[in-house]
Amino acid sequence: MIISDLKHFEQERHLWPAAIGRGIDYIVNRHLSEMEAGRYDLEGDNGVLMFANVQEVVTRPAEEQLPESHVVYTDIQFLVSGEEKLCFYKLHPDAKVIDNKFDTHDVAFYETDPAQLETGILLKPGMFAVCFPSDIHRPNCSITEASANKKIVVKVHKDLLQL
């Protein structure tokens, strides 16, 4: 997982895969934060290699959000407005899938595992987290109370991350 913000983006981008840098560039240069909620294709035919979902969501308590992971896409979760806690832990062989939608939606949801110590990241506007397929993550969690958020989730295909 990568956690950063726009203030440090330029000085850190050389440390990250180029596709992650391009994803952040798209957020900034295409003014995605000003767009209506919806999907926006960024790279590849019909956005198959990279696309952005502009979302308007209301956060909920962490225990109401299911942990999830992906196989094909890495998420860049960028917070435009509001506040959010994003929880995560590493994928492990004993993680129990309760809803496998990898084939149709590139997502699986997991049973909450109290034995896993989740790390909670507090996202404020301008911050982002990069969740790789090895990161089980629980997005859109309330910090103290429900918050109406606008966020952009850029989906980066695994083929763009190959060295």
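The values are calculated or read from the model by the stated rules, or taken from the named source; none is laboratory data. A quick note: this is a predicted structure, and the numbers were derived from the prediction, not measured. Quick reminder, even Gly has a Cβ in these numbers, built from the backbone with ideal geometry, and neighbours come from all protein chains shown.
Would you confirm, using the coordinates I've provided, whether Asp113 is more than 14 Å from the chain's Cα centre (by Cα), at pLDDT below 95, acidic (Asp, Glu) and on the phi < 0 side of the Ramachandran plot?
Criteria met by Asp113.
Please tell me if Asp75 is at pLDDT 95 or above, closer than 17 Å to Lys155 by Cβ and either out of contact with any strand residue (DSSP E or B) (no Cβ under 8 Å at 6 or more places or on another chain) or part of a loop (DSSP other than H, G, I, E, B) (or both).
Considered against the rule, which asks whether it is at pLDDT 95 or above, closer than 17 Å to Lys155 by Cβ and either out of contact with any strand residue (DSSP E or B) (no Cβ under 8 Å at 6 or more places or on another chain) or part of a loop (DSSP other than H, G, I, E, B) (or both), Asp75 comes out as no.
Please give the number of the condition Val80 fails out of (1) surrounded by 15 or more Cβ atoms within 10 Å (Cβ to Cβ); (2) over 23 Å from Glu145 (Cα atoms).
In the conditions (1) surrounded by 15 or more Cβ atoms within 10 Å (Cβ to Cβ); (2) over 23 Å from Glu145 (Cα atoms), Val80 misses (2) alone.
Given the criteria over 19 Å from Met1 (Cβ atoms) and either free of Cβ contacts under 8 Å to residues at least 24 places away in the same chain or in contact with an Asp or Glu (Cβ under 6 Å, 6 or more places away or on another chain) (or both), does Glu43 qualify?
Answer is no for this residue.
Among the residues that make up the range 92-106, is at least one of them within 14 Å of the chain's Cα centre (by Cα) and either more than 25 Å from Glu12 (Cα to Cα) or not charged (D, E, K, R) (or both)?
yes
Consider the range 122-152. How many of its residues are surrounded by fewer than 20 Cβ atoms within 10 Å (Cβ to Cβ), out of contact with any Gly (no Cβ under 8 Å at 6 or more places or on another chain) and aliphatic (A, V, I, L, M)?
Here the count works out to 3.
What are the pairs with Cβ atoms under 8 angstrom where one residue, in the range 13-29, is free of Cβ contacts under 8 Å to residues at least 24 places away in the same chain and the other, located anywhere, is in a helix (DSSP H, G or I) and exposed (fewer than 13 other Cβ atoms within 10 Å of the Cβ)? Sequence gap at least six, or different chains.
Every condition considered, no pair remains.
Could you list all residues from the range 15-33 that are under 20 Å from Asn140 (Cα atoms) and either among the β-branched types (Val, Ile, Thr) or surrounded by fewer than 16 Cβ atoms within 10 Å (Cβ to Cβ) (or both)?
Answer for the range 15-33, where residues must be under 20 Å from Asn140 (Cα atoms) and either among the β-branched types (Val, Ile, Thr) or surrounded by fewer than 16 Cβ atoms within 10 Å (Cβ to Cβ) (or both): Ile24, Ile27.
I'm checking my understanding of the structure. Among residues of the range 78-95 that are out of contact with any strand residue (DSSP E or B) (no Cβ under 6 Å at 6 or more places or on another chain) and charged (D, E, K, R), which one is modelled with the lowest pLDDT?
The residue in question is Asp94.
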